[in-house]
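What follows is a set of notes on a single structure, which appears directly below.
The values are calculated or read from the model by the stated rules, or taken from the named source; none is laboratory data. Please read these numbers as outputs of a predicted model, since none were measured by experiment. So basically every Cβ, Gly included, is an ideal-geometry build from the backbone, and we count neighbours across all protein chains shown. Please note that ligands, DNA and RNA were not included when accessible areas were found on the heavy atoms of the full protein model with its side chains. Shrake-Rupley method; radii C 1.70, N 1.55, O 1.52, S 1.80 Å.
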Amino acid sequence: MIDVLIVGAGPAGSVMAKEMASRGFETLVVEKRQEIGAPKRCAEGVSGHGFEKLGIKPHPLSIARKIKGAILYAPSGKAVTMEGHGMEGFVLERKVFEKDLASQAIKAGAKYMVKSLAIGMEKHGNAWRVRVRTIEGIKEIEAKLVIGADGVESKVGKWAGLKTVNRITDYHSGIQFEMAGVNASYDYIHLFFGREVAPLGYAWIFPKAFSANVGLGILEKAAKMRAYDYLKKFIEEHEEIFKNAQPIEINAGGVPVAHFTKMVADGVMLVGDAAQLVNPIHGGGITRAIHSSIMAAEVAEKALKSGDLSKEKLQEYEKMWEAEYGEKTKKLMKLRSFLEKLEDKDFELLADILQGEDIYQLTQAKLSVLIKKLITKPSLLGLAKKYLMD
Amino acid sequence: MDFKIYVDESKCLYCGGCAGVCPVDAMLLDEVRIVINEACIGCKLCIKFCPVGALSMEGEND
């Protein structure tokens, strides 16, 4: 019997593997795909500030582009630039980034299996027996602790009796072309807002070394067509940017922008997308995924050492998460519910009154900035009401 | 079952997002294949989610 079986070798899974293996626990990671890091389901952007806080220094080969900040576009095209301290970031090359994280875990002693799909698990005494379909046939692996790092479609959570189903009202439908020949500033990420652009979401251009991720996320309840159709329309309507651009890859995925709080069961912990740990405003998930694994590992170590892997013992991880992100996530959910009420003309008003720094404060859940701005002019009263009426 | 969710392989990008909204755990992203089992209740949430319109209910033109 091994100590830890991790299902999924994305950023959450591999960071968990490194954390556990380096603490001396026998750790195995199973990944259903034949290649770690591909195909991506992600725009690959991360904030430099977020990574710094977690002490993560991506390998130079994992960084496709360093960026200075973000440019936000209201439906009319009016732009607000966010740059300066705290707003820098990276666009990663996830195929490299995730292999680097896996390599670090392997260096720490973790074992890996690829093209290995977990197909079910049962409790046997104090252990979980997990069936894995591998290239060499079905294997049964016994582990004291199972980590569900298996993404939005998490099975581990469901097998352990946790409700990990995403509600369609909190689950963006995402689509993306990685394109070559995109004519935009490669020093910034570009975000486009508007009901007709990406209903209840946004469209993005994230520049990489030779290409750019061009995509959008929408919520089904406000959409008139498929995410794919919105993306085609977005590209057609920005001829100046995409006249010479061609796709070199196509990606899709679900983005769980909810606030999920049940992340453990007896002998089971969920990390990253499997626990729906995504920033509810911008939908970024890499930093939260990694942070969740760092916290989960701390709790897992104590639990394994004490021999008590009960839900109650593992709940300390939920408490740690709540202490760090609970209040912030609640505020960002409130901000999101405000943003969901906005019409295109409201975005124009906001573009007039908000500076890049204000928007940065908002993304940091400092919401007082917004109301201070909204009460400055009588013409903004309607917006202030939308914000206050919840 | 008098209905069946159909996956258009020419459109599916194997992102597995559909499996993330399935309320009865009837869908599995098996690397490059979407597998749907008999637990399906025909709620069509997966069809609503699919970014490229690869899913439909058999006999319907969704």
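Worth a mention:
- Top-ranked residue in region A:143-168 [being facing another protein chain (nearest Cβ under 10 Å) and of a type in the set (Val, Ile, Thr); ranked as most open to solvent (accessible area, probe 1.4 Å)]: A:Val165
- Any hit, region B:14-22, residues being in contact (Cβ under 8 Å) with a residue 40 or more places away in the chain and either more than 9 Å from every other protein chain (Cβ to nearest Cβ) or within 17 Å of A:Thr164 (Cα to Cα) (or both): no
- Test: residue in region A:202-212 that is modelled with pLDDT of 95 or more, buried (at least 23 other Cβ atoms within 10 Å of the Cβ), touching a strand residue (DSSP E or B) at 6+ places or on another chain (Cβ under 9 Å) and under 20 Å from B:Gly16 (Cα atoms): no
- Qualifying residue in region A:296-303 (condition: free of Cβ contacts under 8 Å to residues at least 40 places away in the same chain, crowded, with 17+ Cβ neighbours inside 10 Å and in contact with a helix residue (DSSP H, G or I) (Cβ under 6 Å, 6 or more places away or on another chain)): yes
- Residue check, B:Asp25 farther than 18 Å from A:Gly217 by Cα, of a type in the set (D, E, K, R) and either within 9 Å of another protein chain (Cβ to nearest Cβ) or open to solvent by less than 60 Å² (accessible area, probe 1.4 Å) (or both): yes
- Checking each residue in region A:112-134 for being of a type in the set (D, E, K, R), surrounded by 14 or more Cβ atoms within 10 Å (Cβ to Cβ) and outside any loop (DSSP other than H, G, I, E, B) picks out A:Lys123, A:Arg129, A:Arg131, A:Arg133.
- A:Val96, sole failed condition from (1) open to solvent by 60 Å² or more (accessible area, probe 1.4 Å); (2) within 19 Å of the chain's Cα centre (by Cα): (1)
- Residue ID - surrounded by the fewest Cβ atoms within 10 Å (Cβ to Cβ), chosen from residues in region A:327-370 that are of a type in the set (Gly, Ala, Ser), touching a residue at least 24 places away in the same chain (Cβ under 8 Å) and under 28 Å from A:His291 (Cβ atoms): A:Ser337
- Residue check, A:Glu19 surrounded by fewer than 18 Cβ atoms within 10 Å (Cβ to Cβ) and assigned to a helix (DSSP H, G or I): no
- When the strands (runs of 3 or more DSSP E) confined to region A:174-269 are screened for residues that are within 13 Å of chain B (Cβ to nearest Cβ), those reaching at least 3 such residues are found at A:211-218, A:246-256.
- Flag for A:Gly174 being touching a helix residue (DSSP H, G or I) at 6+ places or on another chain (Cβ under 7 Å) and on the phi > 0 side of the Ramachandran plot: no
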